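**Q** Below you'll find the structure I mean.
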Amino acid sequence: MERQEILDQVLNMVAMAYKKDVADLSESTSFKTDLGGASVQMVALVSEIENELDVALMLADASGCETIADLIDLIEEEM
Amino acid sequence: MSVIDKIFEKAKKDPQRVAFPEALNEKMMQAAYEAGTEGYIIPILVGDAEEIKAAIKERGYKEEAFKIVDVNDEDYKAVLVEKYTSLPDTRLKEKALRRRMEDKLQFAMVMQAADEADVTFAGIDYTTGDVLLAGQMIIGIKPGLATISSIGLCDIPGYEGSEGSLLAIGDSAVCTNPNPEQLASIAISACDTVKSLLDWEPRCACVSYSTLGSGQGELIDKVTEAVKIANELRPDLAIDGEFQLDAAINPAVAQKKVNRESKVAGKANVVIWPDLNVGNVAVKLIQQFGKADAYGPMLQGFNKVVCDCSRSAPVSEIKGNIVISAVRAAGEKRK
């Protein structure tokens, strides 16, 4: 799967998990400063990624991602 | 009778099913065996059935003391997957779930979520981090809470508080630097934990270096904001602050410093620290200077009771923690 394709899907998943407008999100969106989510949202996001992209992610690794770009890197490594 | 003896007595009256994904570990198996044969719990060993049976035989235990669940039993796995994926609010679908169930800890937690066990007990081979993360993925965080956390129960010789020598404190182990929402979650969970474990009517104080505005600054604002959030989320609970520790637990000091009605001031039985720096130092002070026994940390905030134990814990301590978690699970069912 191309990076852009993964990005499009992940942006939608982030928008859903964090209840944000997908138009406000990009690769440079920071989980901590822009989204400010708690671990509940990250659990929802990781579950969705595992379901839809068919990869296994460690919650700890995903939680360690600073930005959405970092998360895409992580997914690509696991694919 | 000490508090731990009372908890053991309580466990016997309503033994709960405890799943052990680290069944092969020698200390864990011994603790499970003793807790089971003494009537405190119904131990379920989760793993490769052949390996477990061989270990039971080698160690001289009676196999009938345990229920053994074979993680290689595809029929049972299918039943669990079906039950788990039909639960409301579960997020993982079959394929992702099966992949996670390759791990025994997560297999046991799926059993618990599917009501095939009441508690998952681990942490001797798995790290605390493993248990916390698997708990969040499989068991989930209680609706409305922003974080999982922990409390400890201190039995402090010579302390005459509103529950005698006992005081519950949190979070001294899990949540490093909680924001106001997270601090509110810790307070709410702590109240629920002491209710289910000890049948206390919780009176929870969020402490700081200021009492009701006697000081000012962002460290205090965090605590007052947390109290406000907690009261909005759970008006049924007595959560109050910000108080200094003495105003929280000492009626004479509370009378001087707290100039308004409070169900909590001076008689708090649960104390919530503003962050882990305070929490960790405080529990060490209570242990070192107060010569207290501190039980825990008891994990809280999950949809069902998840328990972790120290990797260096002796069998007696593991057994105590198993029984505590079983009593909490029985208490949560009664709610």
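Read the figures in this text as sums done on the coordinates, not as results from a lab. Note that this is a predicted model, so its numbers are computed, not measured. Here Cβ is always computed from backbone atoms with ideal geometry, including for glycine, and neighbour counts include all displayed protein chains.
**Q** Applying 1/(1 + (r/R0)^6) with R0 = 41 Å to the Cβ-Cβ distance of residue B:54 and residue A:60, what FRET efficiency is obtained, to the nearest 0.05?
**A** Result of the calculation: an efficiency of 0.80.
**Q** Only sites in a loop by DSSP and with at most 12 other Cβ atoms within 10 Å count here; which GluC sites (Glu not before Pro) in the stretch B:172-252 make the cut?
**A** The qualifying sites: there are none.
**Q** What's the angle, to the nearest 10 degrees (0 to 90), between helix B:180-198's Cα axis and the longest principal axis of chain B?
**A** The angle comes out at about 70 degrees.
**Q** Translational diffusion coefficient of the stretch B:34-139 at 10 °C, 1.306 mPa s, Stokes-Einstein with Kirkwood Rh over Cα pairs, in µm²/s as a whole number.
**A** 109 µm²/s
**Q** What is the stretch B:190-335's relative contact order, in percent, from Cα pairs under 8 angstrom and six or more apart in sequence?
**A** 26 percent.
**Q** Now a separate question. Assigning unit charges at the beta carbon (Lys, Arg +1; Asp, Glu -1) and nothing else, what dipole magnitude in debye, to the nearest 20, does chain B show about its Cα centre?
**A** The dipole of chain B has a size of about 540 debye.
**Q** Starting from the alpha-carbon convex hull of the stretch B:185-335, give the projected area averaged over all orientations, in nm². Could the numbers behind the result be given before it?
**A** Details: hull surface 39.2 nm².
That works out to 9.8 nm².
**Q** Within a Cβ distance under 13 Å of residue A:5, other residues only, what is the Lys/Arg minus Asp/Glu net charge?
**A** Around residue A:5, the surrounding residues sum to -3.
**Q** Something else: Which angle between 0 and 90 degrees, to the nearest 10, do you get for helix B:49-58 versus the longest principal axis of chain B when only C-alpha atoms count?
**A** 80 degrees
**Q** Among bridges DSSP assigns within the protein assembly as shown, what percent are antiparallel (round to 5)?
**A** 35 percent
**Q** Let me ask another. Based on other C-beta atoms within 10 Å, arrange A:16, B:1, B:298, B:29 from fewest to most.
**A** Ranked by crowding around the Cβ, least crowded first: B:1, A:16, B:29, B:298.
**Q** Further question: Compute the label zone of residue A:51 within the stretch B:91-116: residues whose backbone N is under 12 Å from the point 7 Å along Cα-to-Cβ.
**A** The answer is B:91-97.
**Q** Given labels modelled 7 Å from the Cα in the Cβ direction, how far is it in nm from residue B:82 to residue B:246?
**A** With each label placed 7 Å out from Cα toward Cβ, I get 6.4 nm.
**Q** Roughly speaking, what % of Cα-Cα pairs in the protein assembly as shown are separated by over 35 Å, rounded to a whole number?
**A** 32 percent
**Q** Here's another thing I want to ask about it. Using only the alpha-carbon atoms, what does chain B span along each of its principal axes? Please give whole angstrom values in decreasing order.
**A** Reported extents, whole Å, longest axis first: 65, 43, 31.
**Q** Moving on to the next point. Apply the Kirkwood formula to the stretch B:169-243: the hydrodynamic radius equals the inverse of the mean of 1/r over all pairs of different alpha-carbon atoms; give it in Å with one decimal.
**A** Radius from the Kirkwood sum: 12.4 Å.
**Q** Amide H of residue B:292 versus every other amide H placed in the peptide plane: which residues, excluding those fewer than 5 positions away on the same chain, fall under 5 Å?
**A** B:287
**Q** Please compute, for peptide A:37-49, the average count of beta-carbon atoms on other protein chains lying within 10 Å of each residue's beta-carbon.
**A** Values: counts 1, 8, 11, 12, 1, 2, 9, 2, 1, 6, 10, 4, 1.
If you average over the peptide's residues, the count of other-chain Cβ atoms is 5.
**Q** Moving on. Return B:165, B:262 ranked ascending by Cβ neighbour count within 10 Å, so the fewest neighbours appear first.
**A** With the sparsest Cβ surroundings first, the list reads B:165, B:262.
**Q** Sum up the charges of everything whose Cβ sits under 14 Å from the Cβ of residue B:316, counting Lys and Arg as +1 and Asp and Glu as -1, but leave residue B:316 out.
**A** The answer is -3.
**Q** Right, something else. What's the extension gain from residue B:102 to residue B:209 if we count 0.36 nm per residue and subtract their Cα-Cα distance?
**A** Going from the current span to full extension adds 33.7 nm.
**Q** Can you give the longest stretch of chain A with no exposed loop site, where a site means GluC sites (Glu not before Pro) in a DSSP loop (not H, G, I, E or B) with at most 13 other C-beta atoms within 10 Å?
**A** Value returned for the longest uninterrupted segment is A:3-65.
**Q** Let me ask something else about it. For residue B:263 and residue B:93 in the same chain, what is the full-extension length gain: residue separation times 0.36 nm, less their Cα-Cα distance, in nm? Show your work: numbers first, answer last.
**A** Numbers: separation 170, 0.36 × 170 = 61.20 nm, distance 4.57 nm.
Using 0.36 nm per residue and subtracting the Cα-Cα distance, I get 56.6 nm.
**Q** Moving on. Each label point is 7 Å from the Cα along the Cα-to-Cβ direction; what then is the distance between the points at residue B:5 and residue B:221, in nm?
**A** 5.1 nm
**Q** Local charge sum around residue B:29 (other residues, Cβ-Cβ under 11 Å, Lys/Arg +1, Asp/Glu -1)? Please list the in-between numbers first.
**A** Numbers: positive: B:27, B:59; negative: B:22, B:26, B:34, B:58.
Net charge in that neighbourhood comes out at -2.
**Q** In addition: So which chymotrypsin sites (Phe, Trp or Tyr not before Pro) in the stretch B:15-104 end up in coil per DSSP with only 11 or fewer other C-beta atoms within 10 Å?
**A** none
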